[in-house]
Amino acid sequence: MDQDVAAKEQPRYIKLNERDNVAIVVNDFGLPAGSRFACGLTLRAFVPQGHKTALVDIAHEQPIIRYGEVIGYALAPILAGEWVDEARIRMPEAPALDKLEISTAVPAPLPPLEGFTFEGFRNPDGSVGTKNILGISSSVQCVKGTMEYAVKRIRAELLPKYPNVDDVVPLTHAYGCGVAITAPDAVVPIRTLQNLALNPNFGGEILVISLGCEKLAPERLVPEGISNAIVRMQDEAFDGFGAIVDAIMTQAEARLKILNKRTRETCPAADLVIGLQCGGSDAFSGVTANPALGFAADLLVRAGATVMFSEVTEVRDAIQLLTRRAINEDVGRALVREMAWYDSYLARGGADRSANTTPGNKKGGLANIVEKSLGSIVKSGSSAITGVLSPGQKATQKGMLFAATPASDFICGTLQLASGMTLQVFTTGRGTPYGLAAAPVIKVATRTELARRWKDLIDFDAGGIATGEKTIEETGWDLFRLILDVASGRTKPWSDRWGIHNDLTLFNPAPVT
Ligand code: CA
């Protein structure tokens, strides 16, 4: 036992690639000056946990290499054993989009993985939900308070009568009124709202609450062939607020009756649509949680599932590694198209990709967006990229897709829900209570210290990879099994146990009038 503790307290670092000239300190709370590593390197200064130390002397303007890639250049000479903090690194330019190799290193198909199933809710259109939820759409923010009032009553008075239904979720948002509805970029929020209502967890039951004078006509949120799906508050037939709420409750109950007939059945893992995201990243994200998630993502792809990774500003600086993996020229070009669109979107707003890294990221040891991106794309695993979705587009292919979204946790979550995601896996280094009402979220900690401290918020600890207690493969398999358990409703993630969920947050790149 004593030996174990001593072994853990031994100064340790992680070097990821042969070419790397920096490594990150593993020990909880960092290491003081004078700490000596097994290789003989001695620290010249305190280095916080997750931060980088130089393994060799690095001359002025020489590259600083992590993941075998250049993450920046030394602004002044750095000695071996010094702390390589972000102030000592000049960030490189983003890779030019017109010089990328496309489909030059397409991975061979991974061997199929048979026999893995989950208990899901199969829908008439063939899609499968992981939850049984009545989702109530809205065409404008004006109705939000009314919807929430009605939903409170539905939960109290109706839901207990329909025990197979998990929840009633109001799909409220800030869009609909005072928006430039015909602006080209308005397609993003409108498509998002249309596709959100079709998420497999809502079982195909559509109900839209509308005010009546908004620019986003509620009819646009109802697919063709569905009638009697709109409650309009300004409808002259309604005599007062009570009558409006009664109408919403009547419509809701008609749908609850149908949803209550849904029961879980055994479905192949191929029916899963899994979204991947990270938030509050640290230097361990790319060492523990994201590689484990990448391994689990490969297992899902091998089982025939749909998996999507996102967050344009977190892949932009590693795009040269992704376009090579595009299954064909079209997919590669679509990746470049989404990057270019986002470059111009940021430029219009007077920002660039460096705006992505947060103070928390830097505190966690991530010097810049290049280092963050290299750690972020690891979660896409090692399979070919088989498709690209524009923000809010519905996924129709299997395999590993890139779903273009901002990196903002809530906007990414909302857009992945619109793309049909039925479960999200969220990796975090700094910690976040993030959750979604419409789909379960499995939160994965990059460090054991966080998983222990937030034992009732974090669902899975990938930190054992850093301490050498577990391999990436073992951790990836454990995570894959947890995904199947959560998708089956056997295990509830902490955000659902506490009922803590973030708002739906639309991405509206179009003007507001
Ligand atoms: Ca994020």
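What are the trypsin sites (Lys or Arg not before Pro) within the range 56-107 that DSSP puts in a loop, where the Cβ has at most 16 other Cβ atoms within 10 Å?
Working: sites: ARG66, ARG88, ARG90, LYS99; in loops: none.
Answer by residue number: there is no such site.
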To the nearest 10 degrees, how steep is helix 472-487 against the longest Cα principal axis of the chain, on a 0 to 90 scale?
10 degrees
Amide H proximity to ILE442 below 5 Å, modelled H, separation 5+ or other chain, gives GLN424, VAL425, PHE426
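With +1 on each Lys and Arg Cβ and -1 on each Asp and Glu Cβ, and nothing else charged, work out how big the dipole of the range 327-454 is about its Cα centre, in Debye to the nearest 20.
Numbers: 15 positive and 8 negative charges, 95 e Å.
Result for the range 327-454 is approximately 460 debye, rounded to the nearest 20.
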Nearest-ten-degree value, helix 187-196 long axis tilted from longest Cα axis of the chain
70 degrees
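How much of the DSSP beta bridge set in the range 118-259 is antiparallel, as a percent to the nearest 5? Let's see the in-between values first.
Numbers: 2 of 12 bridges.
Around 15 percent of the beta bridges assigned by DSSP in the range 118-259 are antiparallel ones.
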Note, ARG337: beta-carbon cut-off 15 Å, +1 each Lys/Arg, -1 each Asp/Glu, net -4
How tilted is helix 241-259 with respect to the longest principal axis of the chain? Cα atoms for both, answer in degrees (0 to 90, nearest 10).
70 degrees
Compute the separation of the alpha-carbon centres of the range 22-42 and the range 50-67 and state it in Å as a whole number.
14 Å
Net charge over other residues, Cβ less than 14 angstrom from the Cβ of PRO189 (K, R count +1; D, E count -1)
+1
Based on DSSP H runs of at least 4 residues, each adding -39500 (n - 2.57), what is the mean residue ellipticity at 222 nm of the chain after dividing by all its residues, to the nearest 500 deg cm²/dmol?
-8000 deg cm²/dmol
Using a 1.4 Å probe over the heavy atoms of the protein chains, calculate the carbon and sulfur portion of the accessible area of the range 250-369 as a whole percent.
54 percent
Could you tell me the center-to-center distance, by alpha carbons, between the range 431-481 and the range 135-200 in angstrom?
31 Å
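Over 20 Å between C-alpha atoms is what I'm after, so list which of LYS99/LYS379; LYS15/LYS455; LYS131/LYS492; LYS152/LYS257 land there. Don't skip to the end; give the middle numbers.
Numbers: LYS99/LYS379 25 Å; LYS15/LYS455 28 Å; LYS131/LYS492 11 Å; LYS152/LYS257 18 Å.
Over 20 Å Cα-Cα: LYS99/LYS379; LYS15/LYS455.
In the chain, what percentage of the DSSP-assigned beta bridges are antiparallel, given to the nearest 5? The partial results should precede the final answer.
Working: 22 of 56 bridges.
Expressed as a percentage, antiparallel bridges in the chain total about 40.
The values are calculated or read from the model by the stated rules, or taken from the named source; none is laboratory data. It should be emphasised that the depicted structure is a prediction, and the values quoted were computed from it without experimental measurement. Virtual Cβ from ideal backbone geometry, glycine too; neighbours counted across all protein chains shown. Note: areas computed on protein heavy atoms with side chains; ligands, DNA, RNA excluded. Shrake-Rupley method; radii C 1.70, N 1.55, O 1.52, S 1.80 Å.
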